[in-house]
1. Looking only at segment 269-279, decide whether some residue is touching a helix residue (DSSP H, G or I) at 6+ places or on another chain (Cβ under 6 Å) and not assigned by TED's automatic domain parsing to the domain that holds Cys133.
2. Do the conditions hold for Gly202, that is, is it open to solvent by less than 30 Å² (accessible area, probe 1.4 Å) and within 14 Å of the chain's Cα centre (by Cα)?
3. Do you know which of the residues in segment 22-42 that are among the acidic types (Asp, Glu) and near the ligand (Cβ under 7 Å from one of its atoms) is most open to solvent (accessible area, probe 1.4 Å)?
4. Give segment 43-52 a look and list any residue that's of a type outside the set (A, V, I, L, M, F, W, C) and more than 10 Å from the ligand (Cβ to nearest atom), or say none.
5. May I ask you to say which residue of Arg2, Arg19 is among the charged types (D, E, K, R), farther than 26 Å from Leu154 by Cα and more than 9 Å from the ligand (Cβ to nearest atom)?
6. Check every one of the helices (runs of 4 or more DSSP H) wholly within segment 205-307 and list those with 1 or more residues that are under 18 Å from the mean Cα position of the chain (by Cα) and of a type outside the set (Lys, Arg).
7. With the requirement that a residue be open to solvent by 20 Å² or more (accessible area, probe 1.4 Å) and near the ligand (Cβ under 8 Å from one of its atoms), what does segment 176-188 give you?
8. Quick one: would you say Gly202 is within 10 Å of the ligand (Cβ to nearest atom) and outside the structural domain of Leu100 (by TED's automatic domain parsing)?
Amino acid sequence: MRALVTGGAGFIGSHLVDRLITDGHHVVVMDDLSTGHRDRIPDEVTLHVADVVNAGEVTDVVTAAAPEVIYHLAAQISVRYSVANPVADATTNILGTINLLTAATAVGARLILASTGGAMYGDGVALPTPEACLPATLAPYGISKYCAEQYLMLFNRLHAGRHVALRLGNVYGPRQDPHGEAGVVAIFCGHIARREAPTIYGDGKQTRDYIYVADVVDAFLAASDYAGDEAVFNIGTGQPTAVCDLLEVINTAAGTAIEPTFAPARAGEWRHGALDSTKAAAELHWASSTSLAAGISTTYQQLARDT
Ligand SMILES: NC(=O)c1ccc[n+]([C@@H]2O[C@H](COP(=O)([O-])OP(=O)(O)OC[C@H]3O[C@@H](n4cnc5c(N)ncnc54)[C@H](O)[C@@H]3O)[C@@H](O)[C@H]2O)c1
């Protein structure tokens with residue numbers, strides 16, 4: 001298969017690229033390196049340093065690569081940045097996706113969008129939350145991803161596309177940086193490795209659905225082959241984990257017992273999150289398989305080495 005990965009120099013994208021190469025696919029990456037790292041790109045992969053907001057650059061890259069599948073991961077990923085800069089967030093996440101969908105349509109490629117489940121649903125919803133729940137996000141980032149999904153489904157209707165959006169939980173694993181939705185894992189691992197007390201914003205009882213990056217890569221691959229009619233899938237474990245409990249799991253991985261300090265909760269954050277991935281199990285034959293303890297242990301070892 002010929003694959004284009006936007007955001008392939010980033011955290012999740014680079015794991016996806018590695019896996020596609022291992023599986024024998026031809027891979028091209030488009031990334032502006034705003035948060036990604038050039039040295040994550042394997043030698044056999046062509047890297048186009050380009051901005052997804054620039055329609056001309058997107059068309060050139062997609063035309064040259066002629067991909068069968070476009071994995072669209074390039075995005076503004078920070079919830080907090082989106083609260084302070086909603087226009088910049090919308091520009092990258094909505095216009096960038098429209099550019100990729102337009103270019104994908106021209107070459108007949110399927111697009112798989114990295115959307116968010118964590119930032120999508122807001123509070124006061126059933127847990128774990130199914131896709132049918134109407135999004136009531138608390139951050140511009142959730143709105144921009146929801147809007148990108150709506151364009152994706154519009155392109156499916158308008159151009160008979162077979163594009164798919166994956167609403168990812170809070171993804172953690174080796175190579176992650178502190179700015180993503182599961183950034184707390186990287187931040188806590190860094191603090192624990194330095195034997196410093198991490199700060200918990202709020203009471204620490206807020207929950208998230210933490211999912212290991214290799215399981216997310218499996219979901220992207222499962223979506224590439226999907227032959228059914230559904231377009232939006234939650235990709236999570238279904239398990240809500242409180243921030244305090246996450247710290248305990250990291251302490252266990254590190255063999256420490258470091259207590260946190262507490263600070264006031266921050267804007268744009270929701271209280272509880274866990275994703276119902278029943279639809280992904282039925283349609284994509286996908287389910288997460290990495291326990292939090294195992295995933296955190298691997299992640300801590302790598303992040304502690306780099307601290
Ligand atoms: N990490 C999570 O917990 C999580 C959860 C849900 C959804 N997602 C989504 O998954 C995707 C990947 O996230 P990540 O955590 O790997 O983030 P990341 O920042 O590590 O990766 C994003 C990549 O996109 C590139 N990029 C950013 N803006 C760009 C632009 N305008 N043009 C071209 N390239 C650009 C960056 O340089 C980076 O390499 C994003 O779409 C994000 O919204 C992530």
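The values are calculated or read from the model by the stated rules, or taken from the named source; none is laboratory data. Because the structure is predicted, anything quoted here is derived from the model rather than measured. Positions of Cβ are generated from backbone atoms using ideal geometry, with glycine treated the same way; all protein chains shown enter the neighbour counts. The area values use the complete protein model at the heavy-atom level, side chains included, leaving out ligands, DNA and RNA. Shrake-Rupley method; radii C 1.70, N 1.55, O 1.52, S 1.80 Å.
1. The answer is no; no qualifying residue exists.
2. no
3. So the residue we want is Asp32.
4. Asp43, Glu44, Thr46
5. Checking each option against the conditions leaves just Arg19.
6. 213-224, 278-283, 292-306
7. Asp177, His179, Gly180, Glu181
8. no
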